[in-house]
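See below for the structure under consideration.
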């Protein structure tokens, strides 16, 4: 089929276009929340239209679409046994879980070439620069619009709409630059800007990611001799443990939460309370035996907001395994040899501790950047920066 030139251009640059669209639409939504007391429908509308486009492009051949169909069947079975199981929010949440799968399926079917990958990478790096200066400006000027959290808690995330999305964006940015730069990681100003942003965003998970990336660099890319690497690693661990002791056992908000609610609540930001007080009672009071296999939920506020737990809460044991397998098969189209497995192990830890990963369309587009960076890195020769 011969498409008009503008459609061919759009499809070739789709990844970069989606990245800008998602960022701008969520920035508008954040502005609406802070200043107009209402969330914009624009991000949801854009992602719904993109979902329809992806579905249209990848639905054939049908035999390659069998796993999403199985997930649809599991979802219907589970929700049939839940009162008000097919309300609007749950159906939207179901589509959010499928969005990353369709996005990965699309780019597996229509892979990018070197030119479009470079456009994608440049767009990502420019967005990091723009949002990075907004984060620093927000910190210096104490701008409400640019804060990570409502209220007194410290954190600035620019125009990114949620703390969870900020965590994943900057975690992926750290991994992206480490893959791209290797030994020259600390010689690039974009890396330093990203590190400053990781500190200013203010989420505990980002500090874990930053600590992990520093260790990977130290053992695989620094020019220090082996005994010196161990010494620096020991100093880094001691320094990190000292900070944990200060902020969780001596001073600040996390120490206050620990004293009032316990250490787990302080570390998990009350997600353990959600699990014990909302998720488990909902399962006990509402689930029938099919729900243990295929999940079932009618109220999203009962989620524990812990990535893998939420998957099994929504999909059940069988459905959760099928969903995670489908996610893995659709995404992992590259080799994780040598050190490259460690960023994904760090990401898994962060997903365990944080929510809104699998059902976050914005996270999916940033994960696609990491995937394309790994594919590019293994396909094309590195160029000196």
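The values are calculated or read from the model by the stated rules, or taken from the named source; none is laboratory data. Just so it is clear, the structure is predicted and the values come from calculations on it, not from any experiment. Positions of Cβ are backbone-derived with ideal geometry, glycine not excepted, and every protein chain shown enters the neighbour counts.
Among residues belonging to the range 191-205 that are closer than 12 Å to residue 129 by Cα and touching a residue at least 60 places away in the same chain (Cβ under 8 Å), point out the one that is surrounded by the fewest Cβ atoms within 10 Å (Cβ to Cβ).
It comes out as 196.
Taking only the range 302-338 into account, find how many residues are at pLDDT 90 or above and assigned to a helix (DSSP H, G or I). Walk me through it before giving the result.
First, pick out the residues of the range 302-338 that are at pLDDT 90 or above: 302-303, 308-331.
From what is left, the residues that are assigned to a helix (DSSP H, G or I) are 302, 308-331.
Total satisfying the criteria: 25.
If you check 159, 103, which single one turns out to be more than 18 Å from residue 198 (Cα to Cα) and buried (at least 20 other Cβ atoms within 10 Å of the Cβ)?
103 is the lone residue from the list that is more than 18 Å from residue 198 (Cα to Cα) and buried (at least 20 other Cβ atoms within 10 Å of the Cβ).
Just the residues that are in contact with a helix residue (DSSP H, G or I) (Cβ under 6 Å, 6 or more places away or on another chain) and either under 15 Å from residue 351 (Cβ atoms) or surrounded by fewer than 24 Cβ atoms within 10 Å (Cβ to Cβ) (or both), please, taken from the range 162-175.
165, 166, 167, 168, 169, 170, 171, 172, 175
Of all the residues that make up the range 77-106, how many are farther than 17 Å from residue 324 by Cβ and within 18 Å of the chain's Cα centre (by Cα)? Break it down stepwise before answering.
Here is the first cut: in the range 77-106, the residues farther than 17 Å from residue 324 by Cβ are 77, 79-92, 95, 106.
Add one more test, that the residue is within 18 Å of the chain's Cα centre (by Cα), and what stays is 95.
The total comes to 1.
Determine which member of the set 257, 208 is assigned to a helix (DSSP H, G or I), at pLDDT below 75 and surrounded by 15 or more Cβ atoms within 10 Å (Cβ to Cβ).
Working: 208 fails: at pLDDT below 75.
On inspection, the qualifying residue turns out to be 257.
For (1) touching a helix residue (DSSP H, G or I) at 6+ places or on another chain (Cβ under 6 Å); (2) over 23 Å from residue 357 (Cα atoms); (3) in a helix (DSSP H, G or I); (4) in contact (Cβ under 8 Å) with a residue 60 or more places away in the chain, each residue gets a yes or a no:
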residue: 34; (1), (2), (3), (4): yes, yes, yes, yes
residue: 40; (1), (2), (3), (4): yes, no, no, no
residue: 49; (1), (2), (3), (4): no, no, yes, no
residue: 56; (1), (2), (3), (4): no, yes, yes, no
residue: 76; (1), (2), (3), (4): no, no, yes, no
residue: 79; (1), (2), (3), (4): no, no, yes, yes
residue: 84; (1), (2), (3), (4): no, yes, no, yes
residue: 90; (1), (2), (3), (4): no, no, yes, yes
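Taking the conditions exactly as written (more than 21 Å from the chain's Cα centre (by Cα), farther than 29 Å from residue 178 by Cα and in contact (Cβ under 8 Å) with a residue 24 or more places away in the chain), does residue 70 satisfy them or not?
For residue 70, the condition - more than 21 Å from the chain's Cα centre (by Cα), farther than 29 Å from residue 178 by Cα and in contact (Cβ under 8 Å) with a residue 24 or more places away in the chain - is met.
Say whether the condition of being out of contact with any strand residue (DSSP E or B) (no Cβ under 9 Å at 6 or more places or on another chain), farther than 30 Å from residue 67 by Cα, buried (at least 18 other Cβ atoms within 10 Å of the Cβ) and modelled with pLDDT under 95 is met by at least one residue in the range 274-288.
Checked the range 274-288: at least one residue is out of contact with any strand residue (DSSP E or B) (no Cβ under 9 Å at 6 or more places or on another chain), farther than 30 Å from residue 67 by Cα, buried (at least 18 other Cβ atoms within 10 Å of the Cβ) and modelled with pLDDT under 95.
In a helix (DSSP H, G or I) and under 19 Å from the mean Cα position of the chain (by Cα): which single residue out of 175, 133 fits that description? Reasoning before the result, please.
On the way: 133 fails: under 19 Å from the mean Cα position of the chain (by Cα).
Testing whether each residue is in a helix (DSSP H, G or I) and under 19 Å from the mean Cα position of the chain (by Cα) leaves just 175.
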